[in-house]
Amino acid sequence: MSILIKNAKAYTGKDLQLEACNISIDKYGIIKIIRNTEEQSTDEQNSYNHVLNAENLIVMPAFADLHVHFRDPGFEQKETLESGQKAAIMGGVTQVCTMPNTKPAMDRKERLEAYLEKIHQYPYIEVLPSVAVTLDQDGAHITDLKGLTQMGAVAYTDDGRTVMDPAILAAALKISRETKCPVMTHSEDHEAAAKYQNGPYPPEVESQIVERDIQILENTGGHLHVAHLSTIQSLEAVKLGKKKGMNLTCEVAPHHLYFDGETLDFETALYKVNPPIRGESNRKALIQGIEEGWVDAIASDHAPHEWESKLANYKEGSYGFTGLETMFSTINTLFKQESIPMETLIRLMSINPRIILNQTPNYIIDGQVANLVCIDPNEIWEVSKDDFQSKSINSPWIGHKLEGKVVHVVKGNKLLLEGGQLNVI
């Protein structure tokens, strides 16, 4: 199937230059940028299987998400590989890294093999698995990380729990020196966090473990990736490590950038997440960290749960939110308010996540396989329960008005989303 995107304004090349053009995608999914659009006759344009009019839209590299929970296997009532991928497409995301805290945990070769086989049944987007650092995420026995990497694992993490044994974390980081796969730290001392059952735990529960993990990185080398960083202290620790030249990257989540924890009601679990949503000073510090270039990526931490579990009291409710479908719109809304350029959004949501996972960046370049998204940067929409392809609708954005909407998604020669409607079976 061939596709033409006409009347486009596209961020092209490695320098993300915004230019007017048509984008031709042949039956093999290969891009050709047509800068002199008058060279294409009406007959030639009509020869494509699909012609997308991108007038008033912006074309950019499709997004990648470093941190999603697809709950498959073990919690399919919350999400599956199929529903999770559909949610990703709705948000313009064509590559995800799935977390290993499934049931059973993604920690053994036979489990990863079965998971990879299941991924092949729903090949809509690129699903890249991370694997657990320790067997059954018990924190005590390291997994065969090298063997799992050879099978296709792209990162190591006990996400949902932190590797509390410094020796095991050091061993994983040493392996990452060889495999180049990042070790993702959960940014939480879960032993200390357990003491806070009725409300958010204090910032030091996060920052002290981040500081410890960065110190181990300094001693061992390797690649450490700090997941869902949320505090000033954690950001300062990352800054210091980067200034020392460590192979250190970090991500922030949309909810930590968008919501002010000091204004939220924590009587229920609606806003319950790990790490917790912080106050305005931390939120502003994260935005400043983005502006100054200390933050490497934005990741949704997509965590689907039954809606009822978010209406429970804080102690009994579930941690986390769905986030794939609202991630772009949230960040676009915020960046417009803060006058942060679109090029920064693209690097944080499209280019850098792929680089962190040692994947090829999806720049819009002649001869490259198409992997792009068309967005309307100005459409204002109110999030409702009907907007979700995820099996779960536990979103704190329901009822919020956001600016910017994903309209089309193209991957290879496949039009996955057209006019905001899914094109996958």
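The values are calculated or read from the model by the stated rules, or taken from the named source; none is laboratory data. Just so you know, these numbers come straight off a predicted model, no measurement behind them. Here the Cβ positions follow ideal geometry from the backbone for every residue, glycine too, while neighbour counts run over all protein chains shown. Quick note on the areas: whole protein, heavy atoms, side chains included, nothing else; ligands and nucleic acids left out. Shrake-Rupley method; radii C 1.70, N 1.55, O 1.52, S 1.80 Å.
Report, by residue number, each residue of the stretch 230-246 that is in contact with a helix residue (DSSP H, G or I) (Cβ under 6 Å, 6 or more places away or on another chain) and closer than 16 Å to D296 by Cβ. Residues satisfying the conditions are S230, S234, L235, A237, G241, M246. Does S176 qualify as being under 21 Å from G152 (Cα atoms) and under 25 Å from the mean Cα position of the chain (by Cα)? It is true that S176 is under 21 Å from G152 (Cα atoms) and under 25 Å from the mean Cα position of the chain (by Cα). Whether any residue in the stretch 393-410 is more than 25 Å from L257 (Cβ to Cβ), assigned to a loop (DSSP other than H, G, I, E, B), within 21 Å of the chain's Cα centre (by Cα) and in contact (Cβ under 8 Å) with a residue 12 or more places away in the chain is what I want to check. Within the stretch 393-410 (the criterion being more than 25 Å from L257 (Cβ to Cβ), assigned to a loop (DSSP other than H, G, I, E, B), within 21 Å of the chain's Cα centre (by Cα) and in contact (Cβ under 8 Å) with a residue 12 or more places away in the chain), the answer is no, since none of the residues qualifies.
Here G139 meets each of (1) open to solvent by 10 Å² or more (accessible area, probe 1.4 Å); (2) part of a helix (DSSP H, G or I); (3) farther than 26 Å from M327 by Cβ with one exception, condition (2).
Restricting the search to the stretch 217-231, which residues are assigned to a helix (DSSP H, G or I) and either touching a Lys or Arg at 6+ places or on another chain (Cβ under 6 Å) or open to solvent by 20 Å² or more (accessible area, probe 1.4 Å) (or both)? Within the stretch 217-231, E218, N219, T220 meet the criteria.
Farther than 30 Å from K32 by Cβ, over 18 Å from the mean Cα position of the chain (by Cα) and among the basic types (K, R): does that describe K315? The answer is yes for K315. Among the conditions (1) in contact (Cβ under 8 Å) with a residue 40 or more places away in the chain; (2) surrounded by fewer than 23 Cβ atoms within 10 Å (Cβ to Cβ); (3) of a type outside the set (F, W, Y), C181 misses just one, which is (2). Among residues that are open to solvent by 10 Å² or more (accessible area, probe 1.4 Å) and farther than 27 Å from R108 by Cβ, G199 is included. Filtering the stretch 106-123 to residues that are part of a loop (DSSP other than H, G, I, E, B) and open to solvent by less than 10 Å² (accessible area, probe 1.4 Å) leaves M106, D107.
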